[in-house]
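Shown next, in structure tokens, is the structure this report addresses.
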Amino acid sequence: MKILFATSEMFPLVKTGGLADVSGALPLALRALGVDVRVVLPHYAATRADWFVADGTVWQPEILGQPVTIRSGQLKDSDLPVYLIDHPVFSARSGNPYMGPDGNPWHDNPDRFALFCRAVVHFATQEGEAHWTPDIIHSNDWQTGLIPALLSGTPSIKNVFTIHNLAYQGVYDRPTFERLGLPWSLWRADALEYWGNMSFMKGGIIFSDFITTVSPTYAKEIQTPKFGYGLDGLLQHQSNKLKGILNGIGADWDPETDHFLPHHFSRSQLAGKQRIKAQLQAELGLPQEPRIPLLVHIGRLVEQKGIDLLIQALEQLPNEPIQVMVLGSGELRFEQALRQLAAQRPEQIAVRIGYDESLAHQLEAGADAFLMPSRFEPCGLNQLYSLRYGTCPIVHRVGGLADTVIHADAAHLADGSATGIVIDHLDTDAIIWAVRYFQTLYHDAPQFARMQAQGMAQDFGWMSSAKAYQAIYREIVQDRSDDHQNES
Ligand code: ADP
Ligand code: GLC
């Protein structure tokens, strides 16, 4: 089975969030199962050349009259083939793959990702030199949504589409559709047309043979108006080919081997965790108090993550015996509010604005709790990393958070299954309640140790999820051979 995995980011080549972690780990897990999976992504200026081992093969097709370079190689230290789609709209712009330095999306994002989609389709269908035609293209999120649409006349290649976040849909106006030179047959309500605009995401949903999303609960939520962002009806209609498969934890996130950590630790030996906490307190300028609980947050500073509510809750806890560290970047108003809090309460709150992979690992490792009050969360990876690193996740009962954290109520504490704190109805007061409840749990040392150990014992490796994807691939390739037999 040959799978071409199309994505707009992949760790460690280029990362802005969880999609990169998934694209860096799932293909490796699939290869370990014997699936011939290869990854294709744009070649940005920010792509880390040291992680791409070029094999010297290069194709230079013209896509809508524009020269595009496709570079073939492998992810360093692996047997995973990777193809980079190179064009100045990607490789001549530094910084974030999706946004300019002003924090706004690049004005020509539809053109950039339409070009990417066309290049992927070209590569899969016409690049004879590659001697490799995929059975399935597995596309991810709106940036790849035109791939299944453009392939709709090519029944020999099947499509799987994964929704990592339905809130970002790639919706553009009709002049954009015309400029992209897409076939008029796609301007229909049962194709890309969406309330007088075009939607990349809709293309992925309508034209794929199977749709997945990244947790079972999110698969249900996106079929409701509250989480469906206007596509809930369509997703309900497609529910027989929609499944939620939980993300896993990649090999880079293991407290026993994590190369970003100055000390290592395990379930039975937690001393290294304490040392990392002390080191973080020193480096980020908070008092070195081992018994004061350290709560952290890492993430994109956007409303999805409930950062506004978290800021409000912290504003109301000036005298709480806790320490808080926040690492993130995103909307200016949240960056400013966080900086202000840290300036007002330097003994209690430390804030780092920016993107820092190494600090993210150290915060997961050194913290006692991870604050994740997301309004919605398709899967969420940080609560999984927290569980593995003995850091108590404090989450809202939505999406993947609901599927992975077991609330420390009396019953779950009594039977030992509790792994974190789960908020049912999210608002500022609920976060304040959770922070206080966490302190009660934390200061009951034997109980907290039990919870930590239970969290660390959970298996969130990629293997079982990779097998679920493999089963879907098999099913739709089987359908394809059935189609062939019926035709002949
Ligand atoms: P999302 O993809 O919605 O942003 P996830 O929880 O799935 O959320 O994944 C976020 C990933 O990005 C995690 O690996 C997290 O550690 C990382 N991350 C987010 N913000 C930062 C940051 N400022 N610095 C370092 N890593 C970050
Ligand atoms: C998205 C979601 C996040 C998920 C990630 C990887 O960015 O917001 O919940 O974990 O994709 O699937």
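The values are calculated or read from the model by the stated rules, or taken from the named source; none is laboratory data. What you see is a predicted model, and the numbers here were worked out from it, not measured in a lab. Ideal geometry is used to build each Cβ from the backbone, glycine not excepted, and the neighbour counts take in all protein chains shown. Side chains are part of the model used for accessible areas, which takes the heavy atoms of the whole protein and leaves out ligands, DNA and RNA. Shrake-Rupley method; radii C 1.70, N 1.55, O 1.52, S 1.80 Å.
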Helices (runs of 4 or more DSSP H) fully within the range 206-295 counting 1 or more residues that are open to solvent by less than 30 Å² (accessible area, probe 1.4 Å) and in the same structural domain as HIS361 (by TED's automatic domain parsing): 271-284
Test: residue in the range 90-107 that is more than 16 Å from ligand 2 (Cβ to nearest atom), touching a Lys or Arg at 6+ places or on another chain (Cβ under 6 Å) and either within 25 Å of LYS202 (Cα to Cα) or not assigned by TED's automatic domain parsing to the domain that holds LEU26 (or both): no
Test result for GLY34, away from ligand 1 (no atom under 16 Å from the Cβ), modelled with pLDDT under 95, farther than 25 Å from ALA360 by Cβ and out of contact with any Cys (no Cβ under 9 Å at 6 or more places or on another chain): no
Pair list, Cβ under 9 Å, 6 or more apart: the range 376-402 residue more than 21 Å from ARG450 (Cα to Cα) and outside any loop (DSSP other than H, G, I, E, B), other residue within 9 Å of ligand 2 (Cβ to nearest atom) and among the aliphatic types (A, V, I, L, M): GLY399/VAL214; GLY400/VAL214; GLY400/LEU381; GLY400/LEU384
Number of the exception - ARG375 against (1) at pLDDT 95 or above; (2) out of contact with any Lys or Arg (no Cβ under 8 Å at 6 or more places or on another chain); (3) open to solvent by 30 Å² or more (accessible area, probe 1.4 Å); (4) within 16 Å of ligand 2 (Cβ to nearest atom): (2)
Residue in the range 341-360 that is farther than 27 Å from ASP444 by Cα, among the hydroxyl-bearing types (Ser, Thr, Tyr), open to solvent by 20 Å² or more (accessible area, probe 1.4 Å) and assigned to a strand (DSSP E or B) present: no
Evaluation of GLU178 against (1) farther than 30 Å from THR404 by Cβ; (2) open to solvent by less than 40 Å² (accessible area, probe 1.4 Å) (one fails), failing number: (2)
Count of residues meeting criterion [farther than 15 Å from LEU115 by Cβ and in contact with a Ser or Thr (Cβ under 9 Å, 6 or more places away or on another chain)] in the range 61-83: 5
Boolean, GLU315 is farther than 30 Å from MET201 by Cβ, in the same structural domain as LEU359 (by TED's automatic domain parsing), open to solvent by 70 Å² or more (accessible area, probe 1.4 Å) and not basic (Lys, Arg): yes
Candidate set from the range 377-433 (those that are within 16 Å of ligand 1 (Cβ to nearest atom) and of a type in the set (S, T, N, Q)); member that is farthest from ALA457 (Cα to Cα): ASN382
Options THR176, THR224, THR217: the member that is within 16 Å of ligand 2 (Cβ to nearest atom) and at pLDDT 95 or above: THR217
Any hit, the range 96-109, residues being of a type in the set (A, V, I, L, M), at pLDDT below 95 and in a strand (DSSP E or B): yes
Residue in the range 104-112 that is over 19 Å from GLN169 (Cα atoms) and either within 25 Å of the chain's Cα centre (by Cα) or open to solvent by 20 Å² or more (accessible area, probe 1.4 Å) (or both) present: no
In the range 178-226, the residues that are in contact with a strand residue (DSSP E or B) (Cβ under 8 Å, 6 or more places away or on another chain), more than 16 Å from ligand 1 (Cβ to nearest atom) and among the hydroxyl-bearing types (Ser, Thr, Tyr): TYR194, SER199, SER208
